[in-house]
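The next block holds one structure in the form of structure tokens; read it before the comments.
Any read-out appearing in this document is the output of simple, stated calculations on the displayed coordinates, not a laboratory observation. Note that the structure is predicted; figures quoted are calculated from it, not measured. Cβ atoms come from the backbone with ideal geometry, glycine included; neighbour counts cover every protein chain shown.
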């Protein structure tokens, strides 16, 4: 079988295990069914996720021009505390930013090799946790907009990481007595005074089941350096495809790449 198209991040369906669908120009390929199969990848070009140009992808699936102009790549996407839509102030496109920022947001704890704090729209739960490869996750606050969630995250970052260490996440190693609920109680006192009313201590821990077993060796590759890759798919975690020999490809990091895939 042969497929071709522009890579977008894998679509997911929570289950036991989580189901993964590779998105090639909106054709969805069930990747769970391909575990144990040999896959050939051939990188043949680029297609910006915003303007469809064939310019080289700069970051996040965008060509360089769109990365610095698109509201979907604005600073508040990366740093929620910079959100200004609640003030009626636009950064790049107020209407788009309001549609993203003026929605209920969740501040959460997740275990991705270490306990980290994060922010996402309520509608993106549990998708966000799946994409990050979180073994466990737990909401700690629900806010009315992105700015409020960002301010809580800023305070929490003084005590917890806010980035995922991809290698630790893929090592899939955790202690059986890990207790996110205990973390939640301990950090409650570090909530900013003006945002303590958003604290939530009643949510249950969510455990996620990935079609994945950690290999002894972990190395990543990109299609820029390996435009023709072939290997047996062994598992999937986060947005990473795990191939034989401990070789990993970050699908999210290849958004906007155009490939041919042969199974």
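Which fully enclosed strands (runs of 3 or more DSSP E) of the range 11-84 have 1 or more residues being buried (at least 16 other Cβ atoms within 10 Å of the Cβ) and under 16 Å from the mean Cα position of the chain (by Cα)? The strands (runs of 3 or more DSSP E) meeting that bar are 19-24. Can you tell me how many residues within the range 175-185 are in contact (Cβ under 8 Å) with a residue 60 or more places away in the chain and not in a helix (DSSP H, G or I)? Qualifying residue count for the region: 1.
On the basis of being in contact with a strand residue (DSSP E or B) (Cβ under 8 Å, 6 or more places away or on another chain), surrounded by 15 or more Cβ atoms within 10 Å (Cβ to Cβ) and farther than 24 Å from residue 128 by Cα, does residue 183 make the cut? Answer is no for this residue. Per the conditions (1) outside any loop (DSSP other than H, G, I, E, B); (2) under 26 Å from residue 153 (Cβ atoms), the sole criterion not satisfied by residue 5 is (2).
Criterion applied to 188, 103 was being surrounded by fewer than 21 Cβ atoms within 10 Å (Cβ to Cβ), in contact with a strand residue (DSSP E or B) (Cβ under 8 Å, 6 or more places away or on another chain) and part of a loop (DSSP other than H, G, I, E, B), and the one residue passing it is 103. Evaluating residue 225 against the criteria (1) over 26 Å from residue 154 (Cα atoms); (2) free of Cβ contacts under 8 Å to residues at least 60 places away in the same chain; (3) touching a strand residue (DSSP E or B) at 6+ places or on another chain (Cβ under 9 Å) leaves one unmet condition, (3).
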